[in-house]
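Engineer: Shown below is the structure under consideration.
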Amino acid sequence: GQQANSLHTRAAGSVSGLHIFHKEGDHEDLAPQLVPLDYTTCPDVKVPYELIGSMPELKDNPFRQRIAQVFSEDGDGHMTLDNFLDMFSVMSEMAPRDLKAYYAFKIYDFNNDDYICAWDLEQTVTKLTRGELSAEEVSLVCEKVLDEADGDHDGRLSLEDFQNMILRAPDFLSTFHIRI
Amino acid sequence: MSESSGSALQPGRPSRQPAVHPENLSLDSSCFSSPPVNFLQELPSYRSIARRRTTVHSRDKQSGTLLKPTDSYSSQLEDRIAENLSSHSLRNYALNISEKRRLRDIQETQMKYLSEWDQWKRYSSKSWKRFLEKAREMTTHLELWREDIRSIEGKFGTGIQSYFSFLRFLVLLNLVIFLIIFMLVLLPVLLTKYKITNSSFVLIPFKDMDKQCTVYPVSSSGLIYFYSYIIDLLSGTGFLEETSLFYGHYTIDGVKFQNFTYDLPLAYLLSTIASLALSLLWIVKRSGLNQRLATEMGQHELYNMAYFWSPHETYRIENLRSVEGFKINLIRSEEHFQSYCNKIFAGWDFCITNRSMADLKHSSLRYELRADLEEERMRQKIAERTSEETIRIYSLRLFLNCIVLAVLGACFYAIYVATVFSQEHMKKEIDKMVFGENLFILYLPSIVITLANFITPMIFAKIIRYEDYSPGFEIRLTILRCVFMRLATICVLVFTLGSKITSCDDDTCDLCGYNQKLYPCWETQVGQEMYKLMIFDFIIILAVTLFVDFPRKLLVTYCSSCKLIQCWGQQEFAIPDNVLGIVYGQTICWIGAFFSPLLPAIATLKFIIIFYVKEWSLLYTCRPSPRPFRASNSNFFFLLVLLIGLCLAIIPLTISISRIPSSKACGPFTNFNTTWEVIPKTVSTFPSSLQSFIHGVTSEAFAVPFFMIICLIMFYFIALAGAHKRVVIQLREQLSLESRDKCYLIQKLTEAQRDMRN
């Protein structure tokens, strides 16, 4: 929240040249009792997933759990300040397309096997439509996606397939960003 | 792998291995269990990707995908990054913040070992980059209505936001057009009129003309009723007719300054041509964003495939990169090219922050996916049609298109009749008529046009249901028909006026070239018609918002018991209709800018007011439509419609500038036969070498070969684009074969290793 913003500006001031994509915004503090005001001693504070998942920017996002898992250190959704900054840095407007595509790939890879397989796709589609498409429709959609994007025809999307596909998706940059 | 590849390969379509095919399960799992993964990462091709991508130079700033290194390679990658400090900022790397901090510390310690020159270079490049970023941020702050549009985007999605950015673009375009006209035409006149500079008007009477042509009866101000002021304001007659609003005010041949004479007729014509050319260039440039993206995609596709091939083939493929034939095809097929991937991976808008928008987004995604599946089913159905069904469908479509043409013809005829009626009765004693009848006759063409534009979309929507097209094509065809209808009505109006101006009962037209009895100053009168159209359009938009949308919303909110009203529901913000409305307004502005120089300024004000009215209406009376309008396509669609409007506006302008004789009683072109004659007269004052050059360039001997060469170049590019498409398909097939070969070889290798161990 705002504390992270102010901490960041202080940190950025002292650690010059470290560019973090960031835009100022006013916010209510996320967890004032957990986050200490002084970060110079780098304390090990983790914000639990429940708080992150209830942030106004993320609470309606069907992929919030995956986002938190991808950016957290241990993959469990609890984030330190660095993870938090990382997340907003990647999700901001100014992050380059390839960086976003890389993290998007990790977010959509539900089973963390470095490939987006058909099961991952089914999970994605179900989360996007809140389970209101029939199973047959979901599998048809997944098949179509693999048809379109699977370059090496192995039945799942590798990172290269995904990045090639993202290059041709003109909406990606405008939708894959969180405004704070 | 080899067994399945033998059985399933069809020509032109490589078979895809499903991940859990029962026969291949053992092969797949052995292919990708832990030892082969290391193999994959040790392959030279993988390493060259990693190396090439980390050292890619900024030909395009966003190229070069950067992988998060796996454990065995992280230190190597970081070393490589630490080596190549010069070109890249750390931000492009997919490492987390602590690692970036460490690398930056390494960078800074390494900096000490560089010479002073290198240090200064790096420092200056960093501060230059920072300055550019700050400048870019500042310029985005200067954007008009930035906050409003962003909040609309957040609440209603990118489709509606694109409508508002389009409206903002039109405001800016009209402002710039008005500035051009102001600088070229208005400024000298105002400077002389208000005696700011020491200049005077130059008036040259034309000697050989019949006196009759120069008679311009000013409307007599007898007994002035109060409402005549209002009528004058709304129709541009009376006191407005002689103001600088209309063409007739500028009856000046030049403005004499101290050192030179400013040629006002030439400036007047050039301001029109310049504003049209600027509009064309700006629209094409703005829609060219899509083209640039498509080129980038084309280049990346070839580039990413290049590493599979030998150096010789890589070189050949690199050469193909430079040709840009991809653009057109990619744009046209972009919509179907990757529609499912776009919806799944770029469909959810991560900016959404409230519950209702999220619900809406879920339902719109569901709707879109279902519509796409429906379209797929439709495509299969079409493919399975028998020949008699095809014949039946085509004859039905022909019949329905004839009905569409008949409807269009009926509307055009109605507009023609209304214009003729209005023009004839305007000449009668209009002061003696009742107020309402007065206004009705003045506005009759506008009223008929608006009614036609209201009824015909409903007719078209009904007709297209019988034509049995796929849903996406239905929408596009209906919109195109409505666009054509809307914009052609203006042309019909202008042509009707033109025909009335150049037709006379007896042979009096030969005297001055036009009907000077009824239209002593015909340009002003055409300008008045355009002015009336614009005002009426503005009034209708305001009236519909105030008197239809707002009460509808009140009814729906407070009359929750009435089932009928709840069924009707709140107004949906229909993007195509609104876009057509503002394109219609812009077309009127373009046509009218020649006859009424202040019209672009009025259009700017009108669009500004419409922006706020529409924003207010959107926020308070509309509910978002469940049928989404994708932003990427919609920008291109809006600009395409605008381009159609521009082309349709240029036609009547060229005819009136070059064919119809300019009026001799008013305006800057009294001394010329037609408006266009200014240019040949000016050219004849140039030095003779320049003259002969210009005559050579504009003669037929030059124009015909030039046209043929341009056609040949166009055909060349189209053929090249087709060839590239085929190359891309072939390369894709080869890519999949190569990856299958790789898996097969790795599997064999692991089997051999296992046998060796046993």
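Engineer: Decide, for segment A:97-179, between rounded, prolate and oblate: order the square roots of the alpha carbon gyration tensor eigenvalues as a ≥ b ≥ c, take rounded if a/c falls under 1.5, and otherwise choose prolate if a/b is larger than b/c, else oblate.
Structural biologist: oblate
Engineer: Which length gain, in nm to one decimal place, applies between B:Phe131 and B:Trp568 when the Cα-Cα distance is subtracted from 0.36 nm times their residue separation?
Structural biologist: 151.9 nm
Engineer: Give a quick list of trypsin sites (Lys or Arg not before Pro) in segment B:141-208 that DSSP marks as loop, anything other than H, G, I, E or B, with at most 10 other Cβ atoms within 10 Å.
Structural biologist: B:Lys195, B:Lys207
Engineer: Using only protein heavy atoms and a 1.4 Å probe, how much accessible area in total is buried between A and B, to the nearest 100 Å²?
Structural biologist: Summing both sides, the interface buries roughly 7100 Å².
Engineer: Sticking with this one: Summing +1 for each Lys or Arg and -1 for each Asp or Glu, what net charge is found among the other residues whose Cβ lies under 14 Å from the Cβ of B:Tyr123?
Structural biologist: Neighbour charge sum, excluding B:Tyr123 itself: +3.
Engineer: For a 23 Å ceiling on Cα separation, which of these pairs sit above it: B:Lys100/B:Lys742; A:Lys127/B:Lys155; A:Lys46/A:Lys106?
Structural biologist: Result: B:Lys100/B:Lys742 exceed 23 Å.
Engineer: Further question: What does the convex hull of the Cα atoms of segment A:44-91 come to per residue, in Å³, rounded to a whole number?
Structural biologist: 65 Å³
Engineer: Could you please report the charge total around B:Pro668, scoring K, R as +1 and D, E as -1 over all other residues with beta-carbon less than 11 angstrom from its beta-carbon?
Structural biologist: -3
Engineer: Summing Lys, Arg as +1 and Asp, Glu as -1, what charge do residues with Cβ under 10 Å from the Cβ of B:Tyr620 carry, B:Tyr620 excluded?
Structural biologist: Net charge around B:Tyr620: -1.
Engineer: Also, quick follow-up: What order do A:Asp154, B:Asp349 take when sorted by accessible area (1.4 Å probe), most exposed first?
Structural biologist: Output order, biggest surface exposure first: A:Asp154, B:Asp349.
Engineer: Ok, one more. For B:Lys517, go through the lysines and keep the ones whose alpha-carbon is under 24 Å away, minus same-chain ones fewer than eight residues off.
Structural biologist: B:Lys207, B:Lys211, B:Lys427, B:Lys428, B:Lys432, B:Lys500, B:Lys532, B:Lys664
Engineer: With just the Cα atoms defining each centre, how far is segment B:113-167 from segment B:525-599? Give it in Å.
Structural biologist: What the calculation gives is 35 Å, centre to centre.
Engineer: Let me make sure I get this right: for segment A:132-180, a, b and c are the square roots of the gyration tensor eigenvalues over alpha carbons, sorted descending. Under 1.5 in a/c it's rounded, otherwise prolate if a/b > b/c, else oblate. Which is it?
Structural biologist: Oblate, since a/c reaches 1.5 and b/c is not below a/b.
Engineer: For B:Tyr250, B:Tyr716, B:Tyr416, write out the residues from largest to smallest accessible area, computed with a 1.4 angstrom probe and no ligands counted.
Structural biologist: In descending accessible area the options line up as B:Tyr716, B:Tyr416, B:Tyr250.
Engineer: On the full set of protein chains, 1.4 Å probe, figure out the accessible area of B:Asp263 and give it in Å² to the nearest 10.
Structural biologist: 60 Å²
Engineer: Can you sort B:Cys567, B:Cys521, B:Cys559 by solvent-accessible area, 1.4 Å probe, largest first?
Structural biologist: Greatest to least solvent exposure: B:Cys567, B:Cys559, B:Cys521.
Engineer: Separate question: Against the 2.2 N^0.38 Å scaling, with N counting residues, where does segment B:596-718 land? I'd like the Cα-based Rg ratio to two decimal places.
Structural biologist: Against the compact-globule rule of thumb, the ratio is 1.68.
Engineer: What are the GluC sites (Glu not before Pro) within segment B:355-456 that DSSP puts in a loop, where the Cβ has at most 14 other Cβ atoms within 10 Å?
Structural biologist: B:Glu384, B:Glu429
Engineer: Another one. In terms of modelled amide H atoms, which long-range or inter-chain residues lie less than 5 Å from the amide H of A:Val47?
Structural biologist: A:Met79, A:Thr80
Engineer: Can I ask one more? Please calculate the 1.4 Å probe accessible area of B:Lys256, with all protein chains present, and give it to the nearest 10 Å².
Structural biologist: About 110 Å², ignoring ligands and nucleic acids.
The values are calculated or read from the model by the stated rules, or taken from the named source; none is laboratory data. Computed from a prediction, not measured in an experiment: that's the story for all the values here. Note that each Cβ is placed from the backbone with ideal geometry, even for glycine, and that neighbours are counted across all protein chains shown. Areas reflect the complete protein model, heavy atoms only, side chains present, ligands, DNA and RNA absent. Shrake-Rupley method; radii C 1.70, N 1.55, O 1.52, S 1.80 Å.
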